[in-house]
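**Q** Please find one structure pasted underneath; my questions will follow.
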Ligand code: CO
């Protein structure tokens, strides 16, 4: 069922500094910062030949990554995202396997305009795991 690695999301306290690290030190192609108020983050996409890195900075008071950054003040890997062909079938398969789907269990439209779900880190090797319908 699981497909390509769509992205690895890294929460950062300073998006400009993180962008400069990827652009200048690593020589990566980076996007302009994109505010995602619905998701409480500002994101920069780092384009790699085989996948993407998403640099996430908190946006607004209720940012879902604020607490993560309190615990990880230098930033850190926040989640990984795998592609699936059918998000509903994937959700049902995960539930049947005993995994916890976060929120109300209904897919939300993610940063790429595609349906996504998040799975509880305790069920996935301590890693918050996003599924995106590709
Ligand atoms: Co993501």
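We did not get these values from a lab; they are worked out from the coordinates using the rules stated. This is a predicted model, so every value here is computed, not measured. With ideal geometry, Cβ positions are generated from the backbone for all residues, glycine too; neighbour counts draw on all protein chains shown.
**Q** Give me the tail of P(r) for the chain as a percent: Cα-Cα pairs with distance above 25 Å.
**A** The proportion of pairs with Cα distances above 25 Å equals 25 percent.
**Q** Where in the stretch 107-128 does the label zone of residue 36 land, with the point 7 angstrom along Cα→C-beta and an amide N cut-off under 15 Å?
**A** What the label zone holds, given the 15 Å backbone N cut-off, is 107-119, 128.
**Q** Please report the antiparallel percentage of the DSSP beta bridges confined to the chain, to the nearest 5.
**A** The antiparallel fraction comes to roughly 70 percent.
**Q** If you take the Cα Rg of the stretch 1-56 and divide it by 2.2 N^0.38 Å, with N the number of residues, what do you get?
**A** It is 1.15.
**Q** While we're on this one: Students often check this: by mean Cβ neighbours within 10 Å, which of 33-40, 111-118 ranks highest, and how do the rest follow?
**A** 111-118, 33-40
**Q** Cut-off 10 angstrom, C-alpha nodes, Gaussian network model of the chain. Which of 27, 110, 60 fluctuates the most?
**A** Result: 27 has the largest fluctuation of those listed.
**Q** How much length would be gained if the chain were fully extended between residue 71 and residue 16, taking 0.36 nm per residue of separation minus their Cα-Cα distance, in nm to one decimal?
**A** 17.7 nm
**Q** As I understand it, the value is the acute angle between the Cα axis of helix 87-96 and the longest principal axis of the Cα atoms of the chain; what does it come to in degrees, rounded to 10?
**A** Helix 87-96 sits at roughly 60 degrees to that axis.
**Q** While we're on this one: Suppose R0 equals 30 Å. What FRET efficiency, 1/(1 + (r/R0)^6) with r the Cβ-Cβ distance, do residue 4 and residue 25 give to the nearest 0.05?
**A** 0.70
**Q** Shifting gears a bit: Per-residue ellipticity at 222 nm for the chain, helices alone: DSSP H runs ≥ 4 residues times -39500 (n - 2.57), over residue total, nearest 500 deg cm²/dmol?
**A** Theoretical 222 nm ellipticity from helices: -4000 deg cm²/dmol.
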